[in-house]
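Note sheet for the following structure.
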Amino acid sequence: MKTRIISALVLLPFLIFVVVSGGFWLKAATIVLGLIGMHEFYQAFSKENTGLHIIGYVFALFYGLFMEQIINADNYFNIFVSLFLVVLLIYTVVYHNKTNALEGMTGFFGFFYAFFLLSHIYLIREFAYGKYLVWLAFIAAFGCDTGAYFVGVKFGKHKLIPSLSPKKTIEGAIGGILTATLLSLAYGYWIGNVVVFEGVNLLLLCGLAGFFGSFLAQIGDLAASAMKRLTTIKDFGKLIPGHGGVLDRFDSVILTAPALYYIMFFLIEVKP
């Protein structure tokens, strides 16, 4: 526990710096963390197939460098996804004696899970009012974790999914959702008194982000547990002492960030 706390205290200033800075620094951090996350995923599911890994890294780097254009321009994302899939399929055909379709799908999924979903932190930051609202992704994820832990310890009696996470309880899960939602609403109330959000129902946005974000944060945590059980590993990596790898630390944010981004997309009239 001591190591975990120290690591969190060391990483917190870095997280605050890159998110507040946005732009180049946040994009660079997103690319680096996304590539490390992909490496952790590939090592867990297809350790030996470096050819597929290289294809994944190349497409991830291209996406990371030009993500605004790929996401915002009509059909660019569809072209990118189609080309990525076709290249993977060509590789699995040409090198059929070294790989198979399942590993090809692993290469495809690894990018979307470890890189694309995480990239929404940067996309949120660059969105209208993003420098204020990006914190909701972390409030929903970490607020849910904290609330679920304390409510679970105090009131937890009914196991949630013991085969995946023996300590998680239904009471804790509900407590996590309530805590994250209330914290998100409190943040919305506070920031709304500091910044003018034109044409935005801020409390609705924050409430939805807290509720759906905290629900998906728990799904992300359990999904990561399911993957680790399937591959019989304890952690995806050892990068962060006491926490594991990038995927271990950000397994919740990986889903809260996209949830927040698309809530913002539909509720904020001013686009990036």
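Using the 10 angstrom Cβ neighbour count as an exposure proxy, how do 53, 120, 158, 243 rank, fewest first?
Ascending number of Cβ neighbours within 10 Å: 158, 243, 53, 120.
Amide H to amide H under 5 Å from residue 169: which residues, 5+ apart in sequence or cross-chain, H placed 1.01 Å off N in plane?
Result for residue 169 returns 160.
Treating cross-link reach as a plain straight distance, find the lysines whose alpha-carbon is under 17 Å from the alpha-carbon of residue 159, omitting any fewer than eight places away in the same chain.
167, 168
Of 91, 67, 10, which is farthest towards the positive pole of segment 1-122's charge dipole, taken about the Cα centre with +1 and -1 on the beta-carbons of Lys, Arg and Asp, Glu respectively?
Highest projection toward the positive end goes to 10.
What's the local net charge at residue 156, with K and R +1, D and E -1, over the other residues with C-beta under 13 Å away?
Numbers: positive: 154, 157, 159, 167, 168; negative: 171.
Spelling it out: positives minus negatives among the neighbours equals +4.
Not counting the cut sites, what is the longest span of the chain without trypsin sites (Lys or Arg not before Pro) that DSSP labels loop and that have at most 10 other Cβ atoms within 10 Å?
On the way: sites that count: 47, 157, 234.
Formally, the longest exposed-site-free interval is 48-156.
Once you sort the root eigenvalues of the Cα gyration tensor of the chain as a ≥ b ≥ c, which label holds: rounded (a/c under 1.5), prolate (a/b larger than b/c) or oblate (the other case)? Walk me through the numbers before you get to the answer.
Details: a/c = 1.90, a/b = 1.22, b/c = 1.56.
Taking the square roots of the gyration eigenvalues as a ≥ b ≥ c, the chain is oblate.
With the Cα gyration tensor of segment 85-175 giving a ≥ b ≥ c as the square roots of its eigenvalues, does the rule (a/c under 1.5 for rounded; else a/b larger than b/c for prolate; else oblate) give rounded, prolate or oblate?
oblate
Order by neighbour count: 18, 86, fewest other Cβ atoms within 10 Å first, most last. It would help to have the intermediate numbers written out before the result.
Working: 18 21, 86 10.
With the fewest neighbours first, 18, 86 line up as 86, 18.
Would you mind classifying segment 99-236 by shape? Square roots of the alpha carbon gyration tensor eigenvalues, ordered a ≥ b ≥ c; an a/c under 1.5 is rounded, otherwise it is prolate if a/b is larger than b/c and oblate if not. Numbers along the way, then the final one.
Working: a/c = 3.36, a/b = 1.28, b/c = 2.63.
Since a/c reaches 1.5 but b/c is at least a/b, the shape of segment 99-236 is classed as oblate.
Nearest 20 debye, what's the magnitude of the dipole of segment 1-147 about its Cα centre given +1 on Lys and Arg Cβ and -1 on Asp and Glu Cβ?
On the way: 7 positive and 7 negative charges, 71 e Å.
That gives a dipole near 340 debye.
Using just the Cα positions, wrap segment 17-143 in a convex hull and report its mean projected area in square nanometres, one decimal place.
Working: hull surface 32.9 nm².
If you wrap the Cα atoms of segment 17-143 in a convex hull and average its projections, you get 8.2 nm².
Rounding to the nearest 20 debye, state how big the charge dipole of the chain is about its Cα centre with +1 on each Lys and Arg Cβ and -1 on each Asp and Glu Cβ. If you can, show how the numbers build up before the last one.
Numbers: 18 positive and 14 negative charges, 182 e Å.
Dipole of the chain, to the nearest 20 debye: 880 debye.
In whole Hz, what ³J(HN,Hα) sequence does segment 174-190 give by Karplus (6.51, -1.76, 1.60; θ = phi - 60°), x for Gly and Pro?
Computed from phi, the couplings for segment 174-190 are 5, x, x, 5, 5, 4, 5, 5, 5, 5, 5, 5, 5, 5, x, 5, 5 Hz.
Among 66, 45, 250, whose mean-square fluctuation peaks in a Gaussian network model of the chain (Cα, cutoff 10 Å)?
66
Provide the per-residue ³J(HN,Hα) series for segment 52-63, in order, calculated from phi with Karplus coefficients 6.51, -1.76, 1.60 and θ = phi - 60°, each as a whole number of Hz, with x at glycine and proline positions.
In residue order, the calculated couplings are 5, 4, 4, 4, x, 5, 5, 5, 5, 5, 4, 4 Hz.
Farthest toward the dipole's positive end in the chain, which of 119, 180, 57, given Cβ charges of +1 (Lys, Arg) and -1 (Asp, Glu) about the Cα centre?
Farthest towards the positive pole: 180.
Just in segment 73-125: which chymotrypsin sites (Phe, Trp or Tyr not before Pro) are loop by DSSP and have at most 15 other Cβ atoms within 10 Å?
Within segment 73-125, the qualifying chymotrypsin sites (Phe, Trp or Tyr not before Pro) (loop, at most 15 other Cβ atoms within 10 Å) are 95.
Whole-Hz ³J(HN,Hα) for each residue in segment 243-257, computed from phi via Karplus 6.51 cos²θ - 1.76 cosθ + 1.60 with θ = phi - 60°, x for glycine and proline: what do you get?
Using θ = phi - 60°, the values come out as 10, x, x, 4, 5, 5, 7, 10, 4, 7, 5, 3, 9, 5, 5 Hz.
Could you put 40, 126 in order, starting from the residue whose Cβ has the fewest other Cβ atoms within 10 Å?
On the way: 40 23, 126 19.
By the 10 Å Cβ count, ascending: 126, 40.
Give me the number: length gained by fully extending residue 266 to residue 6, i.e. 0.36 nm times residue separation minus the C-alpha to C-alpha distance, one decimal in nm. Show your work: numbers first, answer last.
Numbers: separation 260, 0.36 × 260 = 93.60 nm, distance 3.86 nm.
Full extension of this stretch gives 89.7 nm more.
Each value in this text was obtained by applying a stated rule to the coordinates, not by laboratory testing. Model, not experiment: these values are computed from the prediction. Reconstructed Cβ throughout: ideal geometry from the backbone, glycine too, with neighbour counts over all protein chains shown.
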